[in-house]
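**Q** Starting off with a structure, shown below.
We did not get these values from a lab; they are worked out from the coordinates using the rules stated. Given the structure is predicted, the values throughout are model-derived calculations rather than measurements.
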Amino acid sequence: MSCHRWSIFGCHYHKEIVDAAYHVHKRLGPGLLESVYETVLAYELKKRGLNVKRQARVAVIYDNIKLDEGFRADLIVEDKIIVELKSVESVIPVHKKQLLTYLRLADKRLGLLIILALS
């Protein structure tokens, strides 16, 4: 999917991701493992024509050495947006901090923290 309309959010991809996550959660309901939502959301986004990487390894540079096992992002969409899924009742500060750290380490500007409530 090519994008001709750019904004501070990096195109309209964020809207597609949020819409897809809403539809996945509405159809599957609450209470599943994050890995189930991740698999189905990746499928839904690919159906919509987006490029999606699941459990994408992101290297960390430490002391000028590239360490390949830095972290794994749940989803990276169009090589621009990190999507972190949480199957929890509520967001706690560490969830936001984790996403911000992932964005910094991956040199990305946009991340979505999607909470798939348990109830």
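**Q** Report, ordered by chain and residue number, the aspartates and glutamates lying within cross-link reach of Lys66, taken as a straight Cα distance under 16 Å and ignoring same-chain residues fewer than 8 apart.
**A** Asp107
**Q** What ³J(HN,Hα) values, in whole Hz, does the Karplus curve 6.51 cos²θ - 1.76 cosθ + 1.60 give for segment 53-64 when θ = phi - 60°, with x put for Gly and Pro?
**A** 10, 9, 6, 6, 6, 10, 6, 10, 9, 9, 6, 6
**Q** Which entries in the list Lys47/Lys96; Lys47/Lys86; Lys53/Lys108; Lys15/Lys108; Lys53/Lys97 go over 26 Å, if you measure between the two C-alpha atoms of each?
**A** On the way: Lys47/Lys96 28 Å; Lys47/Lys86 22 Å; Lys53/Lys108 14 Å; Lys15/Lys108 17 Å; Lys53/Lys97 22 Å.
Long pairs (Cα-Cα over 26 Å): Lys47/Lys96.
**Q** Let me ask something else about it. Given segment 26-94, what whole percent of its Cα pairs are spread farther than 17 Å?
**A** In whole percent, the long-distance tail amounts to 53.
**Q** Can you compute log10 of I(q)/I(0) for the chain with the Debye formula, treating each Cα as one identical point scatterer, at q = 0.10, 0.11, 0.12, 0.21 Å⁻¹?
**A** After summing over all Cα pairs, the log10 values are -0.30, -0.37, -0.44, -1.24.
**Q** For the chain, what relative contact order do you get, as a whole percent, if you take Cα pairs closer than 8 Å and at least 6 residues apart?
**A** 23
**Q** Amide H of Leu110: which non-local residues (sequence gap of 5 or more, or other chain) have their own amide H closer than 5 Å, using H built in the peptide plane?
**A** Ile82
**Q** Kirkwood Rh, Cα Rg: Rg to Rh for segment 75-119?
**A** Taking Rh as the inverse mean 1/r over Cα pairs, Rg/Rh reads 1.00.
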